[in-house]
Amino acid sequence: MQGLLLKLSTLDADAESAVRVIAYFDSLLRDHVSVPTLLAATARLAQCPVGLLDAATGRRTRTSPRGAVDTPAESPAQVRELSDGLGAVWMEREGPAHGLDEIVLERYAVAAEVTLERAAALARSGQDPALVELVLSAETGEAERARALRLLGFAPSAPLQALAIALPDRGPDRGPDRGPDRGPDRGPDRELAAGLRAMGHQVRATRIGDTEAVLVATTLPRDLPEGSRVGIGPELPGARAAESWAGARTALRFTGPHDHVMRWSELGALALFADLPEPAVAGLADVRAMERLGEESLAAVRALCLAGSVRGAAATVHLHHSSMAARIARAESVLGFSLADAAGRLRAHLALALVRLRANLRSGTPA
């Protein structure tokens, strides 16, 4: 961009036109145009034939402003080489050069690089798990991650979210923070990724260890397809996808049978507990007490923490408020503290989260 600004400074009266040229090519990239469409659009803008050499196939293509396409025997002498050995582009203007030719060729080359890389990613149908792993790895260099993102069809500066999805056979055993036996997770990880695609999201996914890793290019809705347990990382530029992946894995460790989806952005200070060893969590008195609760009392405590009042909790689980009050009283006798005030409910809420964390630590949910 700094180089483009320097060029613009030499164009004087044509500076506004140059800005329009930049916007023109930016709009083509936003529309994810194909290689033939890019050539035709560039030829119409330049009002002269333009060409492209695709190094991957060795094919040369030339397009005229009227849309005629042919295959020249060789590229002209004056060409613009593309980065990473992708090929080259050129313009074939007869007579004197136009004042904007340099900026057009510059933006044409940039757009061709992105379009060729997207085409390569589409040719692989997005089925290159190594690229997804490369994007998510904290050890990947900046340039290497940017290229992997472009090959997957993502812009390095565009916001992405990483999802960590527990594979169906990795759900925690039924434990204290459990509901009715549901068996394996109903929605396999691949069904969730397919559901997101059906909702219009740009998705790339692969399996990393015992977790399905998913990259999503658009902001996720609040309600996801039910099924698998999902940790959602923060929305960050693609260049920081490794940070989003780390947040997603942390969030996954706090999911459970009643909390299938957990977002890193909603963990707050709870995230500080994620790296505690399982014996340390198991040794907490509140965790041990919560694990001793029966199903009815546990469900009552959970409902109270979410609703904030006995009447609200009763309405949530369709009980009379007096029945809910009796269940809360039984829970308080086991827990050893009152749930009548905000401090007690916060303490119980934290204990419930740590019970889920301990269950995941025991079952081997990846850190």
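The values are calculated or read from the model by the stated rules, or taken from the named source; none is laboratory data. Model, not experiment: these values are computed from the prediction. Using ideal geometry, Cβ is built from the backbone for each residue, glycine included, and neighbour counts are taken over all protein chains shown. Just so you know, the surface numbers come from the protein's heavy atoms only, side chains and all, with ligands and any DNA or RNA stripped out. Shrake-Rupley method; radii C 1.70, N 1.55, O 1.52, S 1.80 Å.
For Gly256, the test of being open to solvent by less than 20 Å² (accessible area, probe 1.4 Å) and in contact with a helix residue (DSSP H, G or I) (Cβ under 9 Å, 6 or more places away or on another chain) is passed.
When you scan the stretch 215-231, do you find a residue that is at pLDDT 75 or above and of a type in the set (Lys, Arg), even just one? There is at least one residue in the stretch 215-231 that is at pLDDT 75 or above and of a type in the set (Lys, Arg). The residues of the stretch 339-362 that are open to solvent by 30 Å² or more (accessible area, probe 1.4 Å) and either under 12 Å from Val301 (Cβ atoms) or assigned to a helix (DSSP H, G or I) (or both), listed by number, are Ala342, Ala343, Arg345, Leu346, Arg347, His349, Leu350, Arg358, Leu361, Arg362.
Looking only at the stretch 310-336, which residues are touching a residue at least 24 places away in the same chain (Cβ under 8 Å) and either surrounded by fewer than 21 Cβ atoms within 10 Å (Cβ to Cβ) or not charged (D, E, K, R) (or both)? Within the stretch 310-336, Met324, Ile328, Arg330, Ala331, Val334, Leu335, Gly336 meet the criteria.
Select from the stretch 45-59 the residues that are of a type in the set (Gly, Ala, Ser) and buried (at least 18 other Cβ atoms within 10 Å of the Cβ) and list them in ascending order.
Kept after step one, since they are of a type in the set (Gly, Ala, Ser), are these residues of the stretch 45-59: 46, 51, 55-56, 58.
Within the stretch 45-59, Ala46, Gly51 qualify.
Residue check: Arg62 meets all listed conditions (1) open to solvent by less than 50 Å² (accessible area, probe 1.4 Å); (2) without any contact (Cβ under 8 Å) to a residue 60 or more places away in the chain but one, namely (1).
Having 2 or more residues that are in contact (Cβ under 8 Å) with a residue 40 or more places away in the chain and within 15 Å of Ala162 (Cα to Cα) is the bar; report the strands (runs of 3 or more DSSP E) wholly within the stretch 201-309 that clear it. Full working, then the answer.
Numbers: elements: 203-208, 211-216, 230-232, 261-263.
Passing ranges, in order: 203-208, 211-216, 230-232.
Which of the residues spanning the stretch 66-91 are more than 18 Å from Ala111 (Cα to Cα) and either at pLDDT 90 or above or open to solvent by 50 Å² or more (accessible area, probe 1.4 Å) (or both)?
Arg66, Ala68, Val69, Asp70, Thr71, Ala73, Glu74, Ala77, Gln78
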